[in-house]
Amino acid sequence: MKIAFVGKGGSGKTTLSSLFIRHLVATGAPVVAVDADINQHLGAALGLDDSEAAALPAMGDRLPLIKDYLRGANPRIVSAQTMIKTTPPGEGSRLLRVREDNPVYDACARPVELDGGAARLMVTGPFTDADLGVACYHSKTGAVELCLNHLVDGPGEYVVVDMTAGSDSFASGMFTRFDITFLVAEPTRKGVSVYRQYKEYARDFGVELRVVGNKVQGQDDLDFLRDEVGDDLLVTVGHSDWVRAMEKGRPPRFELLEDDNARALQALRTAADATYEGRDWERYTRQMVHFHLKNAQSWGNERTGADLAAQVDPGFVLSESVLSESVTQPA
């Protein structure tokens with residue numbers, strides 16, 4: 001399942017996504033975790049120290065390798081240089097799986113040990129001084145979007161993406177790449193403002209959106225969230241001594257997480273798993289093509305000097321059934 005965590009800055013989005021990743025790993029589930037937030041704090045939330053987090057390879061720096069691998073033998077893509085963040089797969093493209101080893105994971109992912117298990121962690125890379133004035137952060141997240149476009153996951157497999165704060169993900173089509181989106185909201189007016197934006201923008205795209213109330217301290221906070229988000233409120237999370245210790249760099253064993261918070265994480269997993277039966281691969285592929293054509297017309301054709309609409313394979317639908325048909329030879 002592909003799962004996004006979104007929310008305003010300071011909502012606890014990264015903390016909740018890291019707890020969910022730990023919960024999944026503790027059950028033995030295979031997990032690919034992706035830090036697509038401009039602040040790049042997911043590694044630290046998963047227990048890496050500053051030097052370990054800084055040493056994580058940036059996906060944006062390895063974009064040529066990613067493109068070359070995913071292009072495979074797709075005859076519609078004349079060169080890796082003509083691939084953009086929205087380029088869809090077609091016949092001959094290489095697809096990514098959660099459980100496999102491949103050159104993209106070799107270059108971009110690193111295992112993070114978590115209470116006897118491990119998650120693969122990938123990061124977009126930080127926004128650097130060299131980017132100031134010449135690039136937007138979406139140039140970093142393009143590698144994530146391209147990988148999601150080529151990734152096929154099955155039941156019991158999880159891709160968890162800590163998204164950039166606010167509604168910035170609507171600057172691309174990446175918000176449609178997930179089975180479910182968890183929006184972390186505090187019980188304040190600012191806390192639910194991002195929810196309203198997300199709900200409005202996502203309305204026409206079939207996005208499964210559920211709200212996780214964070215920093216909820218009593219019935220008044222709970223009532224406020226219920227009034228503001230209605231049935232989209234899935235679960236709430238309150239104060240956690242475990243999280244406080246984790247933020248100090250001294251997390252106890254994960255099994256010691258408070259019972260209420262452990263039950264909340266299980267509720268997130270149950271909600272994510274329930275979306276599997278409703279997967280619509282044709283819609284998923286159609287939305288992928290929709291955003292690719294928009295990007296091609298607005299900037300991609302001019303930048304690459306190619307007609308990027310020709311990259312669309314009209315007979316191709318990304319799904320689990322095409323796994324055996326994708327190109328698997330070494331890069």
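The values are calculated or read from the model by the stated rules, or taken from the named source; none is laboratory data. These numbers were taken from a predicted model, which means no experiment stands behind them. When we count neighbours, we look across all protein chains shown, and the Cβ atoms used for this are built from the backbone with ideal geometry, even at glycine. Areas reflect the complete protein model, heavy atoms only, side chains present, ligands, DNA and RNA absent. Shrake-Rupley method; radii C 1.70, N 1.55, O 1.52, S 1.80 Å.
Each eigenvalue of the Cα gyration tensor of the stretch 273-312, multiplied by 5 and square-rooted, gives one semi-axis; in descending order these are 29, 9, 6 Å. Each peptide in 18-31, 243-256, 290-303, 72-85 gets a packing score, the mean of other Cβ atoms within 10 Å over its residues, and the list from highest to lowest is 18-31, 72-85, 290-303, 243-256. Computed over the alpha carbons of the stretch 1-131, Rg followed by Dmax gives 15.9, 45 Å.
Overall, the ratio between the Cα radius of gyration of the stretch 158-248 and 2.2 N^0.38 Å, rounded to two decimals, is 1.14.
For Gly92, nonlocal amide neighbours, meaning residues 5 or more places apart or on other chains whose placed amide H falls under 5 Å from its own, are Val327. Heavy atoms of the protein chains alone define the surface here; on that basis the chain has 44 Å² accessible area per residue at 1.4 Å probe size. Measuring nothing but protein heavy atoms, the accessible surface of the stretch 242-331 at 1.4 Å probe radius is 49 percent carbon and sulfur. Take the convex hull of the alpha carbons in the stretch 189-302; its mean projected area over all directions comes to 10.8 nm². In the chain, the alpha-carbon atoms span a convex hull of 133 Å³ per residue. Listed by chain and number, the lysines whose alpha-carbon sits under 19 Å from that of Lys85, ignoring those within fewer than 8 places in the same chain, are Lys2, Lys67, Lys140, Lys294.
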